[in-house]
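Peer 1: Please read through the structure below; I'll follow up with questions.
Every number here is computed from the coordinates shown, using simple stated rules; none is lab data. Not measured: the values here are computed from a predicted model. Glycine also receives a Cβ, built like all others from the backbone with ideal geometry; neighbour counts cover every protein chain displayed.
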Amino acid sequence: MSRIAQNLQAVLQTIVAAEHEAGRAPGSVQLLAVSKTFGPEAVLEAVQAGQLAFGENYVQEGVDKIRALAAATPTPDQALEWHFIGPIQSNKTRPIAEHFDWVHTVERDKTARRLSDQRPAGLAPLNVCIQVNISGEASKSGAAPGEALALARAVAALPRLRLRGLMAIPEPEHDLDQQRAAFRRVRELYDTLRAEGLALDTLSMGMSGDMRAAVLEGATIVRVGSAIFGARTYHKEPQ
Ligand SMILES: *Cc1c(COP(=O)(O)O)cnc(C)c1O
């Protein structure tokens, strides 16, 4: 078995154990394999090990990989699913709308409108999560929790988007209780929005270092990169 296949198996075991620990049904958490900085051959190894959903942070790199892997699905009825999880520049919304199935990082009304306008008519509506800034630092991406309800209503009203839920990247913490406390705040905001009548089904939270805490607090998608593909060498996409 390849290293990536072994890592995938270990990550899936961690998720299943946390689902069990939280009393949640097996399979209630989807694993999004974050393949940023890794080439199509690494993604293909993961596909061959059964992984179908991938997350990308850089638009051009992601589109190149989507194209390279277009024929890589294991069986004809199984499609790969591509999630954009990086910061969105307003001049890069079109390739996101044209190539991805999901976007986790909508934090502004204007970005949402552009994505909806640019989503091709032949594709299903683009699945959207609103990124919320739960740690409250001005430097961090994400809508303020107090703005989330208005933004969610605006996204839900757009014809070519399908609002699915919230995404968050809390400050990295080593302590499980501190990790859980941050994820709990995202979960509470999610519950508030649902109580306001928004039909949300997705909480995108948890990465390699804190996926167990996220699952214990209700994550439905965990975004895991280095625990599957190994350490990354960072690069910046040319603008
Ligand atoms: C890179 C990235 C991840 C994966 O992080 P790991 O620590 O490698 O698991 C998850 N979410 C987002 C938004 C990222 O940018």
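Peer 1: With viscosity set to 1.567 mPa s and temperature to 4 °C, compute the Stokes-Einstein D of the range 3-229, Rh being the Kirkwood radius across alpha carbon pairs; µm²/s, no decimals.
Peer 2: 73 µm²/s
Peer 1: May I pose another question? Which semi-axis lengths, in whole Å and largest first, follow from the square roots of five times the eigenvalues of the Cα gyration tensor of the range 144-239?
Peer 2: Largest first, the range 144-239 gives 26, 19, 12 Å.
Peer 1: Quick check: the distance between the Cα centres of the range 95-132 and the range 19-58, to the nearest angstrom?
Peer 2: Here the two parts' Cα centres lie 21 Å apart.
Peer 1: Quick test of the membrane-span-like rule: which DSSP H helices of the chain reach at least 20 Å along their long axis (C-alpha atoms) with mean Kyte hydropathy at least 0.0?
Peer 2: 3-21
Peer 1: If you don't mind, another one. Run the helix sum for the chain: -39,500 (n - 2.57) per DSSP H stretch of 4+ residues, divided by residue count, reported at 222 nm to the nearest 500 deg cm²/dmol.
Peer 2: Helix contribution divided over all residues of the chain: -11500 deg cm²/dmol.
Peer 1: If you don't mind, there's one more thing I want to ask. Under a 5 Å amide H to amide H cut-off, with H placed in plane at 1.01 Å, what residues pair with R162 once short-range neighbours are removed?
Peer 2: So R162 has HN proximity to L126, N127, V128.
Peer 1: Count the net charge of all other residues whose Cβ sits under 14 Å from the Cβ of A213, scoring Lys and Arg as +1 and Asp and Glu as -1.
Peer 2: -1
Peer 1: With a cut-off of at most 16 other beta carbons within 10 Å, and DSSP calling the residue loop, which GluC sites (Glu not before Pro) in the range 72-167 qualify? Please list them.
Peer 2: Answer by residue number: E137.
Peer 1: In which sequence would H174, H20, H99, H83 go, from the one with the fewest C-beta neighbours within 10 Å to the one with the most?
Peer 2: In increasing order of surrounding Cβ atoms, one gets H174, H20, H99, H83.
Peer 1: Report the equivalent ellipsoid semi-axes for the range 46-89 in whole Å, largest first, defined as the square roots of five times the eigenvalues of the gyration tensor built from alpha carbon atoms.
Peer 2: 21, 10, 8
Peer 1: Largest first and in whole Å, give the semi-axes of the range 1-96's equivalent ellipsoid, each being the square root of 5 times a Cα gyration tensor eigenvalue.
Peer 2: In descending order, the three semi-axes are 25, 17, 12 Å.
Peer 1: Would you please report the Å³ per residue occupied by the convex hull of the alpha carbon atoms in the range 86-190?
Peer 2: 98 Å³
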